[in-house]
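Engineer: Sharing a structure with you now.
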Amino acid sequence: EVAWHERSLRAVLTDREARRRLYWLELAAAATLVNPYGIDAWIEAFQFSSNPIVRDVVEWQPLVMIGVGGREFMLACVALMFVLRHSRKPVAPTDVLLLGLFGLLAAMQVRMTGWFAFVWAVAIAPHLADVVSRAFAAGDVDGVAAAGASSDGETPTDDDANDLLMPADGRSYRYTLACAGVLWIAFAFTTFARPLLGGEPRSAESLYGPQTPLRLTAWLNKNPPVGQVYNPQYWGDWLGWAGPQSLQLFANTHVHLMPRGAWADYRRISDSDNGWEVALERHRVKTAIVDKVGQSALARAIRLSSDWVPAYEDEQALVLRRRAPTAAATKPEPSKSPAPATCTH
């Protein structure tokens, strides 16, 4: 901001506010080093982002307008352009830099749309306030003008309209009572207030999203699988937290910690590509948990396999167990060595 308005980079070093913010930036950067790993935490953050495995996860992929977060990003840009077009406040250079930087990062990776949302809200807030205040003020002026013209014939000004929006001078218990009522209403609707006020806590269906495998988790807790389990990696965190303690999961969202070979096998199994059964056998998977919606191809393929028996199914998940080998399959075949030769004289 200083460099833009003063047209000089030297002015940045002499500006008191700029130096104060620079000191806070240095202090904040030093505070991140107060952790058990020190500077290694920074190094790990950069190495983590360059891991090739995370590129297969949706949040690390480039933003697509018809994909995850794309529509919301496009609507945010349209709303921003509309508000800036009708706002009379000047656009700060800082807002331009922040929106440009985080907009570019969001286009490169879906996961950065969350950071873009913070910048977007901070940048649009003053301009939106200006547009809304002028819209309300114009409406109030029109109303006062109609009343004033009918009484004394004088046209009211913007100050008259602003006076209508301001509360009366002096203290009044009504303001305090209204604020207390608003706070009580907000508190009464919170999850924390329900048990305190004698109500029933919210059910799991209302607490968690519709994609959370609640029914599957309840079945697994009653029927804990034995041995290695294959599972969708995006269910791994939930199943590891809410499922049986002895559950041996194949993957969770920490895919950057998986060996590349194991991750390649996970992708092969999830997409039911060639060799998916061999991959399950290689990892000695005894129970397979399949997302019927997100892994529909695997659900169809594993149903047709004679090595797997369905154990549980609902509208969301499918659980299969490896069929126990038959006695004929496990019995070793007799050796077919040739009979010893006899010698006759």
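The values are calculated or read from the model by the stated rules, or taken from the named source; none is laboratory data. Please read all numbers here as calculations on a predicted model, not as lab measurements. Cβ coordinates were reconstructed from backbone atoms using ideal geometry, including for glycine residues, and neighbour counts include every protein chain displayed. All accessible areas refer to the heavy atoms of the entire protein, side chains included, with ligands and DNA or RNA removed. Shrake-Rupley method; radii C 1.70, N 1.55, O 1.52, S 1.80 Å.
Engineer: Can you give the net charge of the other residues whose Cβ lies under 11 Å from the Cβ of LEU320, counting K and R as +1 and D and E as -1? Before the final figure, lay out the partial values.
Structural biologist: Values: positive: LYS286, ARG303, ARG321, ARG322, ARG323; negative: ASP307, GLU313.
So the surrounding residues net to +3.
Engineer: Restricted to Cα positions, what overall size does region 1-75 have along the principal axes? Three whole-Å values, descending.
Structural biologist: Answer, in whole Å and largest first: 47, 41, 17 Å.
Engineer: With every protein chain left in place, what is the accessible area per residue of region 1-67 in square angstrom, probe 1.4 Å?
Structural biologist: Counting only protein heavy atoms, the per-residue value for region 1-67 is 84 Å².
Engineer: Along Cα→Cβ, 7 Å out, is where each label goes; now give me the distance between the ones at LEU104 and ALA125 in nm to one decimal.
Structural biologist: Those two pseudo-labels are separated by 2.6 nm.
Engineer: Of MET74, MET112, which has the most accessible area and how do the rest follow, probe 1.4 Å? Mind dumping the intermediate values first?
Structural biologist: On the way: MET74 90, MET112 30 Å².
If we order MET74, MET112 from most to least accessible, we get MET74, MET112.
Engineer: Could you please report the charge total around ARG303, scoring K, R as +1 and D, E as -1 over all other residues with beta-carbon less than 12 angstrom from its beta-carbon? If you can, show how the numbers build up before the last one.
Structural biologist: Details: positive: LYS292, ARG300; negative: ASP307, GLU313.
Surrounding charge for ARG303 is 0.
Engineer: What fraction, in whole percent, of alpha-carbon pairs in region 175-291 exceed 25 Å separation?
Structural biologist: Details: 2934 of 6786 pairs.
Tail of the P(r) past 25 Å holds 43 percent of the pairs.
Engineer: Based on the mean of other beta carbon atoms within 10 Å per residue, what is the order of 54-66, 248-260, most packed first? Let's see the in-between values first.
Structural biologist: Details: 54-66: 13.8, 248-260: 15.7.
Packing proxy ranking, top to bottom: 248-260, 54-66.
Engineer: Please list the non-local residues whose amide H lies under 5 Å from the amide H of GLN248, H modeled 1.01 Å from N, same-chain partners needing a gap of 5 or more.
Structural biologist: Sorted by chain and number, the residues that satisfy this are VAL229.
Engineer: Still on this structure, I have one more. Would you kindly calculate the translational diffusion coefficient of region 171-220, applying Stokes-Einstein with the Kirkwood radius from alpha carbon pairs, for 20 °C and a viscosity of 1.002 mPa s, and quote it in µm² s⁻¹ without decimals? Numbers along the way, then the final one.
Structural biologist: On the way: Rh = 13.8 Å.
The calculation lands on 155 µm²/s.
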